[in-house]
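The block underneath contains the structure these notes are about, expressed in structure tokens.
The values are calculated or read from the model by the stated rules, or taken from the named source; none is laboratory data. These figures come from a predicted structure and were not determined experimentally. Please note: Cβ atoms are built from the backbone with ideal geometry, for glycine as well, and neighbour counts cover all protein chains shown. Heavy atoms of the whole protein, side chains included, go into the accessibility calculation; ligands, DNA and RNA do not. Shrake-Rupley method; radii C 1.70, N 1.55, O 1.52, S 1.80 Å.
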Amino acid sequence: MFLKNEIQPIIEIKHLIKSVTSQMISKNKIKLINSLEQKKFRDETGLFVAEGTKLVLDLLSVFHCSVLAATKSWLNENSGVKADEVIEVEPNELNKISNLKTPQGVLAVFVKPQEGWEPSDLHQKLVLALDDVQDPGNLGTILRIADWFGITDVFCSDHTVDAYNPKTVQATMGALARVRVHTVNLVDFLEKCSSAMPIYGTFMDGDNIYSKSLSSHGIIVMGNEGNGISPETEKLVTERLLIPNFPNGRNTSESLNVGVATALVCAEFRRRVQ
């Protein structure tokens, strides 16, 4: 039999044990989060990872959050965040699940959105189509550029790098919250849209983008980093554009980075409609 003054310490110890247990991240959870570095497991689970305060907070407003793991200080500064499971972790635990060299206090596991589109969704809109872009950083940058220029739909070929690759997600800086990404057979997609809108592509023998007439709507195709737009896709391009070097005829770098080229093209299209 316990005396009254002996019961209170026991209650406090039990409460402490319960709190510590709820704050620990399990080995299975660590294994799940680490597995999401690979596309195979992202596809199987329908989940992806994001890290850092701005990125996580942007995505929390749009995507369903399955797990949010954060340090005590981060949770104190961002009270009220909603997820199926919120786990308070120590910095050393965050290191075990983070893809960053220097973790930023929070990591979240989100449910990937359901993809779907209809030709009518693109009516009078400017959209991007990516033909086998391979670098995660380039794709993330392109999605960020699309967000900046008010382009809400980006169509990726089957062989374009996964938009939910952790490096891509980080490079978007939250653009995924506002830009819808669709994975499609690019040739089939362009064939369906070809009668309804112009299809633009950049080529070395195209017309100078700064002097050519541009539509306020259409599809802008950007090609692979090393090979440009594929021959199959090129056949469906109706408007060939050139980003000229300066001065004309001077020997320069062979080509522009696909992210830089995308920014220049989008900027010119939007400049025309202001």
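Ranked highest first by the average count of other Cβ atoms within 10 Å around their residues, in what order do 155-163, 236-244 fall?
Details: 155-163: 19.9, 236-244: 17.3.
Order by mean packing, descending: 155-163, 236-244.
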- [ ] Please give the contour-minus-distance gain from VAL111 to GLU254: 0.36 nm per residue of separation, less the Cα-Cα distance, rounded to one decimal in nm.
- [x] 47.4 nm
- [ ] Apply the Kirkwood formula to region 77-132: the hydrodynamic radius equals the inverse of the mean of 1/r over all pairs of different alpha-carbon atoms; give it in Å with one decimal.
- [x] 15.7
Task: Restricting region 82-112 to trypsin sites (Lys or Arg not before Pro) in coil, as DSSP defines it, with at most 12 other Cβ within 10 Å - done: LYS82, LYS101
Task: Listed pairs LYS29/LYS167; LYS40/LYS82; LYS125/LYS192; LYS29/LYS112 exceeding 23 Å between Cα atoms - done: LYS40/LYS82
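Counting only protein heavy atoms and a 1.4 Å probe, tell me what percentage of region 197-274's accessible area is made up of carbon and sulfur.
Exposed carbon and sulfur together represent 49 percent of the surface.
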Open item on the list: In region 217-241, whose amide N lies under 19 Å from the spot 7 Å out along Cα-to-Cβ of GLN134? List them in ranges.
Closed with: 222-234
TODO: Compute the Cα gyration tensor for region 123-243, then decide on rounded, prolate or oblate, letting a ≥ b ≥ c be the square roots of its eigenvalues: rounded whenever a/c is under 1.5, prolate when a/b is larger than b/c in the other cases, and oblate in all that remain.
DONE: prolate
TODO: State in Å² the accessible area per residue of the chain; use a 1.4 Å probe, count heavy atoms of protein chains only, and round to the nearest integer.
DONE: 56
Task: Binned Cα-Cα distance frequencies in the chain - 5 Å width, integer % - done: 1, 5, 11, 15, 15, 12, 10, 8, 7, 5, 3, 2, 1, 1, 1, 1, 1, 0, 0, 0
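Could you tell me the calculated FRET efficiency between PHE246 and LYS29, based on Cβ-Cβ distance and R0 = 45 angstrom, to the nearest 0.05?
Details: r = 54 Å, r/R0 = 1.19.
Efficiency, from the Cβ-Cβ distance: 0.25.
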TODO: Would you kindly work out the equivalent ellipsoid of region 45-162 from its C-alpha gyration tensor and give its semi-axes, the square roots of five times the eigenvalues, largest first in whole Å?
DONE: 31, 16, 13
Task: Most fluctuating residue given options GLU88, GLU37, GLU77, as computed from a GNM of the chain linking Cα atoms under 10 Å - done: GLU77
Task: Spin-label pair TYR210/THR45, simplified geometry with 7 Å Cα→Cβ offset, distance in nm - done: 4.9
Task: Residues HIS182 and LEU100, FRET efficiency given R0 of 25 Å [Cβ-Cβ distance, rounded to 0.05] - done: 0.35
- [ ] May I have the extent of the alpha carbons of region 184-239 along their three principal axes, as whole Å values ordered from largest to smallest?
- [x] 32, 30, 15
- [ ] Compute the Cα gyration tensor for region 190-274, then decide on rounded, prolate or oblate, letting a ≥ b ≥ c be the square roots of its eigenvalues: rounded whenever a/c is under 1.5, prolate when a/b is larger than b/c in the other cases, and oblate in all that remain.
- [x] oblate
